[in-house]
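The values are calculated or read from the model by the stated rules, or taken from the named source; none is laboratory data. All values derive from a computational prediction rather than experimental measurement. As a convention, Cβ positions derive from the backbone with ideal geometry for all residues, glycine included, and neighbour counts pool all protein chains shown.
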Amino acid sequence: MTQTAIAASSVSYKDLGFVNTRSMFDMAMKGGYAVPAYNFNNMEQLQAIITACVQSRSPVILQVSKGARDYANATLLRWMGRGAVEMMKELGKPVPVALHLDHGDTFELCKSCIDYGFSSVMIDASSKPFEENVALTKKVVDYAHPREVSVEGELGVLAGIEDDVSAEKSHYTDPKDVEAFVKRTGVDSLAISIGTSHGAYKFKVKPGEKVPPLRFDILEEVERRIPGFPIVLHGSSSVPQDYIAMINKYGGKMEGTAGIPEEQLRQAAKSAVCKINIDSDGRLVMTAVIRKVFTEKPGEFDPRKYIGPARDALVKMYVEKNEKVLGSAGRV
Ligand code: G3H
Ligand code: 13P
Ligand code: ZN
């Protein structure tokens, strides 16, 4: 099913109960932590993200990719996001929630999301030449800012292949470009490439071998050039090896996987990095638990009995990320 139609009538994110990322990032910068940006495509992922962030008292950025909109239906996803906000209110323990378009690749898609009530969008023109990236990003900013929607831009290219994100080789961000990009586009945050990449196969390493460290020197130079400006890290899953082992134990085949070590993400979260994107880790946890249930209970056919345990494991993982890696727990 494909559904990326432009909204018939627009609605402001404020009426849906979302916030933009500005005050979130101000607080994260001052507090030396990063706001989690978790992707969702279905109800159980959304429930897990919200439950974990309410439980750990963390602000949260709910990320919807183009692929998620195509998979789940754009209208349904928007109302699911709103439903999550209403659910939190009913529980009496709301936390700030931004609804964010992840890796928007055209002006039309960003506009559609803004009209649909997103409070934040990413325009990812990082694979285009610098001048084209500036022009397209500025066009999105010019539409978003009068509506108080925040905009994330990107400089540098991350490697990794997913539904709608694909690049064979990464190009580190050139710190010399960042001042001009930020000034000329007016973006609210900047995603940079310092060695992270998308997916579960971030580095080619043999068992027991260490992964190469992130380029903190680039991050420091970026911070020196645009002090106090919110930086975003994509491709920040850690690819937990216990879940990889579980996937393989219960019939899966994932070999040579490696992610970003938590210690490096902790270090990044204390710097100008205000937003850390995690999607693959959620996919791995869900896959591992569902495989385990299928193997141990081959007669099970009620989806609640296998997606439910996966959702519980997701909650635990997101709480741990907020508490032990991003430092966003207890900030609300
Ligand atoms: O960075 C990309 C996200 O993990 C979204 O992936 O395009 O497969 O939904 P997707
Ligand atoms: P991972 O694939 O490392 O989870 O990255 C997700 C991401 O960057 C979403 O934009
Ligand atoms: Zn990404």
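The rows are residues; the columns are (1) touching a Gly at 6+ places or on another chain (Cβ under 7 Å); (2) in contact (Cβ under 8 Å) with a residue 24 or more places away in the chain.
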| position | (1), (2) |
| --- | --- |
| Lys89 | no, yes |
| Lys128 | no, no |
| Glu132 | no, no |
| Thr137 | yes, yes |
Subject >> Subset of the stretch 19-42 (residues that are touching a strand residue (DSSP E or B) at 6+ places or on another chain (Cβ under 8 Å), away from ligand 2 (no atom under 16 Å from the Cβ) and within 10 Å of Ala272 (Cα to Cα)) >> reply: Phe25, Ala28, Met29
Original post:
Restricted to the stretch 206-234, and to residues that are assigned to a loop (DSSP other than H, G, I, E, B) and aliphatic (A, V, I, L, M), which residue is nearest to the chain's Cα centre (by Cα)?
Top reply: Leu214
Original post:
Taking the stretch 157-187 as the search range and keeping residues that are among the small types (Gly, Ala, Ser) and at pLDDT 95 or above, which one is nearest to ligand 1 (Cβ to nearest atom)?
Top reply: Gly186
Subject >> Count of residues meeting criterion [basic (Lys, Arg) and in contact with an Asp or Glu (Cβ under 8 Å, 6 or more places away or on another chain)] in the stretch 210-238 >> reply: 1
Subject >> Single residue of the stretch 188-205 satisfying the filter (among the aliphatic types (A, V, I, L, M), modelled with pLDDT of 90 or more and assigned to a loop (DSSP other than H, G, I, E, B)) that is nearest to ligand 1 (Cβ to nearest atom) >> reply: Ala200
